[in-house]
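For reference, the structure discussed in these notes is given below.
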Amino acid sequence: MTVDFEECIKDSPRFRANIDEVETEVVEIEAKLDKLVKLCSGMIEAGKAYVSANKLFVNGIRDLSQQCKKDEMISECLEKCGESLQEIINYHMILFDQAQRSVKQQLHNFVKEDVRKFKETKKNFDRVREDLEIAQVKNAQAPRNKPHEVEEASGTLSITRKCFRHLALDYVLQINVLQAKKKFEILDAMLSFMHAQYSLFQQGYNLLDDIDPYMKKLAAELDQLVIDSAMEKREMEHKHATIQQRTLLQVSTPLFLCLSECEEGSYRTLTNLKASRAS
């Protein structure tokens, strides 16, 4: 809200009420802005930690790409994904930088500079207003039978009233300027931050839209790779079963022959033993 200059000159009850309302509002908005600046600072720190973790992840992708250089399909995929993710990291860094400048720094400066000046002027205004009230009381209590005291009190009241009006006009001007600047600073800070958010997602969309044809091509190749792998798996399982069966046959045939020879030898021994007993 703004304060009327004419009411200021009159020092009317409405002026006093408006001043009290504005001062309360400034105290509350200062607390809210301080809180928002701290929250923004925490968001930026968390964002920097997120960016650092993403950088490590991208470095891991690049290391894996180097390890898989012999496989062109894997290496190409990892390289493209790593480059895209690095660009997204850069976009996030721009967003956090904008948050630092538009929200944290801009609103912090508004609180520390403009609100501080307002509070300093308020102290001077309160002091002069108190002097005016004291001068009014002294003027009212000056004994009428002592003209010199009445004149002195009246002169002090006149000087104090002039000083009060002069400072009150400056105070009202600063209040109205502060109110207008508060609106600008808050709206400008949020608009700048939302523009940064828009740029982040717009650039991210454009980046991923450019790589989308490659991802679709890779997805089709992966579908075919799954089919080929399943067929190759069945062929290998069939080959494995065939070789295993052949191996078992090769092992079982000598064993059968060995058992036959053992039975024949035992029969001959028994026959010879019976013949010798008969003789």
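Where a number appears in this text, it was derived from the coordinates with a stated rule and is not lab data. In this text the structure is predicted, and so the values were computed from the model without any measurement. So basically every Cβ, Gly included, is an ideal-geometry build from the backbone, and we count neighbours across all protein chains shown.
Residues of the range 174-218 that are surrounded by fewer than 17 Cβ atoms within 10 Å (Cβ to Cβ) and closer than 30 Å to Q136 by Cα: N176 alone. Residue count for the range 55-98 satisfying the condition of being in contact (Cβ under 8 Å) with a residue 40 or more places away in the chain, over 20 Å from L208 (Cβ atoms) and among the aliphatic types (A, V, I, L, M): 1. Consider the range 125-146 and keep the residues that are buried (at least 17 other Cβ atoms within 10 Å of the Cβ) and more than 60 Å from the chain's Cα centre (by Cα). The one that is farthest from K162 (Cα to Cα) is A142. Scanning the range 151-173 for residues that are closer than 23 Å to F118 by Cβ, aliphatic (A, V, I, L, M) and surrounded by 14 or more Cβ atoms within 10 Å (Cβ to Cβ) returns L167, A168, V172, L173. The single condition among (1) surrounded by fewer than 17 Cβ atoms within 10 Å (Cβ to Cβ); (2) assigned to a helix (DSSP H, G or I) that K70 does not satisfy is (2).
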